[in-house]
Amino acid sequence: MEVQLKRINKFLSEVGYCSRREADKLIDAGRVTINGEIPEMGTKIAPNDVVCVDGKEITNTKTSFVYLAFNKPVGIVCTTDTSVEKDNIIDFINYPKRIFPIGRLDKPSEGLILLTDDGDIVNKILRASNNHEKEYVVTVDKPISQTFIERMAGGIPLADLNKTTKKCEVQKINTYTFKIILTQGLNRQIRRMCDYLNYEVETLKRVRIMNIKLDMPIGEYRELSKEEFTDLNKLLSDSAKVHEQKKTIHNKTNRSS
């Protein structure tokens with residue numbers, strides 16, 4: 001029988017230790033060992049290999065995953081590195097199991113963020129090519145013009161990131177407040193976009209991630225309902241199919257050129 005090998009970062013995400021992205025950082029920092037040896041990035045493991053992080057063996061004892069929706073207050077940092085940042089999301093929630101946030105929400109921002117111990121779902125949600133919607137309500141320091149709305153929606157060049165933001169839906173709520181729906185997750189994206197147009201963000205709240213809506217008081221969390229999780233998985237499944245279809249079309253185009 002052929003032995004099934006698995007990439008070390010995938011193993012760490014599947015057992016709920018961390019996301020694949022965080023696993024890559026741990027491997028790069030030399031904190032992961034396989035059978036006592038520090039592996040290279042992308043190394044695959046067999047079922048009987050001993051994997052350790054910081055000298056502690058990691059085993060697959062997981063029976064079920066945790067999925068939380070949390071209303072993050074301003075001032076809390078979305079990091080799992082509790083030794084460096086005292087105002088971190090992990091200590092604030094103080095959940096009895098090891099969990100980690102899916103993506104980030106800036107320290108000065110508030111609102112919805114998801115947390116889990118399912119490393120595989122993190123990559124599916126964060127993958128930019130899947131066009132997963134995130135909705136924000138933003139207050140700025142001066143009256144919002146129609147030109148501001150149109151330019152925000154049409155795409156803003158961010159020179160320091162060498163990127164132009166994707167077209168998005170932007171809607172004025174009142175004189176100083178607007179709603180924006182993004183399918184990108186660039187660093188401090190909304191603040192950078194507003195700054196380019198000489199507006200300063202005063203408050204920024206995320207109110208939705210895909211089908212999950214913000215409906216709990218600030219500083220509190222809840223588990224995803226069965227209906228929410230079912231709908232979330234359907235959205236993730238559909239977007240993965242679209243991603244694969246695009247990749248197939250791209251490969252065909254390359255072969256014909």
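The values are calculated or read from the model by the stated rules, or taken from the named source; none is laboratory data. Bear in mind that the values here come from a model prediction, so they are computed numbers and not experimental data. Positions of Cβ are backbone-derived with ideal geometry, glycine not excepted, and every protein chain shown enters the neighbour counts. For the accessible areas, the whole protein counts, side chains as well, though only heavy atoms, and no ligand, DNA or RNA atoms are used. Shrake-Rupley method; radii C 1.70, N 1.55, O 1.52, S 1.80 Å.
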Quiz item: Assuming R0 = 41 Å, what is the FRET efficiency of Ser83 and Glu150, from their Cβ-Cβ distance, to the nearest 0.05?
Solution: 0.35
Quiz item: At 222 nm, what helix-only mean residue ellipticity would the chain give, in deg cm²/dmol to the nearest 500, using -39500 (n - 2.57) for each DSSP H run of four or more?
Solution: -9000 deg cm²/dmol
Quiz item: In whole percent, what relative contact order does the chain give with Cα contacts below 8 Å and a gap of six or more residues?
Solution: 19
Quiz item: Label points 7 Å out from Cα along the Cβ direction at Ala29 and Asn48: separation in nm?
Solution: 3.2
Exercise. Report the charge-dipole magnitude of the chain in Debye, nearest 20, computed about the Cα centre from +1 at each Lys and Arg Cβ and -1 at each Asp and Glu Cβ.
Key: 900
Exercise. Report the percentage of all Cα-Cα pairs in the chain whose separation exceeds 24 Å, rounded to a whole percent.
Key: 56
Practice problem: Please sort by residue number the GluC sites (Glu not before Pro) in segment 1-81 whose DSSP state is loop and whose Cβ has at most 12 other Cβ atoms within 10 Å. | Solution: Glu2, Glu40
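May I ask you to give the percent of accessible area on the chain that is carbon plus sulfur, with a probe radius of 1.4 Å?
Carbon with sulfur: 48 percent of the solvent-accessible area.
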Quiz prompt | Euclidean distance of C-alpha centroids, segment 47-90 and segment 15-38, integer Å | solution = 13
Self-check item: Within segment 1-134, percent of DSSP bridges classed antiparallel, to nearest 5
Solution: 95
Exercise. Kindly provide the GluC sites (Glu not before Pro) of segment 120-227 that DSSP labels as loop, not H, G, I, E or B, and whose Cβ sees at most 14 other Cβ atoms within 10 Å.
Key: Glu133, Glu200, Glu220
Quiz prompt | Kirkwood-Stokes translational diffusion coefficient of segment 1-93, alpha-carbon pairs, 4 °C, 1.567 mPa s, µm²/s | solution = 87
Quiz prompt | Label point distance in nm, Asn162-Met41, each placed 7 Å from Cα along Cα→Cβ | solution = 1.6
Self-check item: Violating pairs (Cα-Cα greater than 20 angstrom) within the set Lys10/Lys44; Lys10/Lys124; Lys205/Lys234; Lys142/Lys172; Lys25/Lys213; Lys134/Lys172
Solution: Lys205/Lys234; Lys25/Lys213
Quiz prompt | In nm, spacing of pseudo-spin labels at Lys179 and Lys56 (7 Å Cα→C-beta vector) | solution = 4.3
Quiz item: So what are the ³J(HN,Hα) numbers for segment 113-127, from phi and the Karplus equation (6.51, -1.76, 1.60; θ = phi - 60°), rounded to whole Hz, Gly and Pro as x?
Solution: 9, 9, 10, 7, 10, 9, x, 5, 6, 4, 5, 5, 6, 7, 4
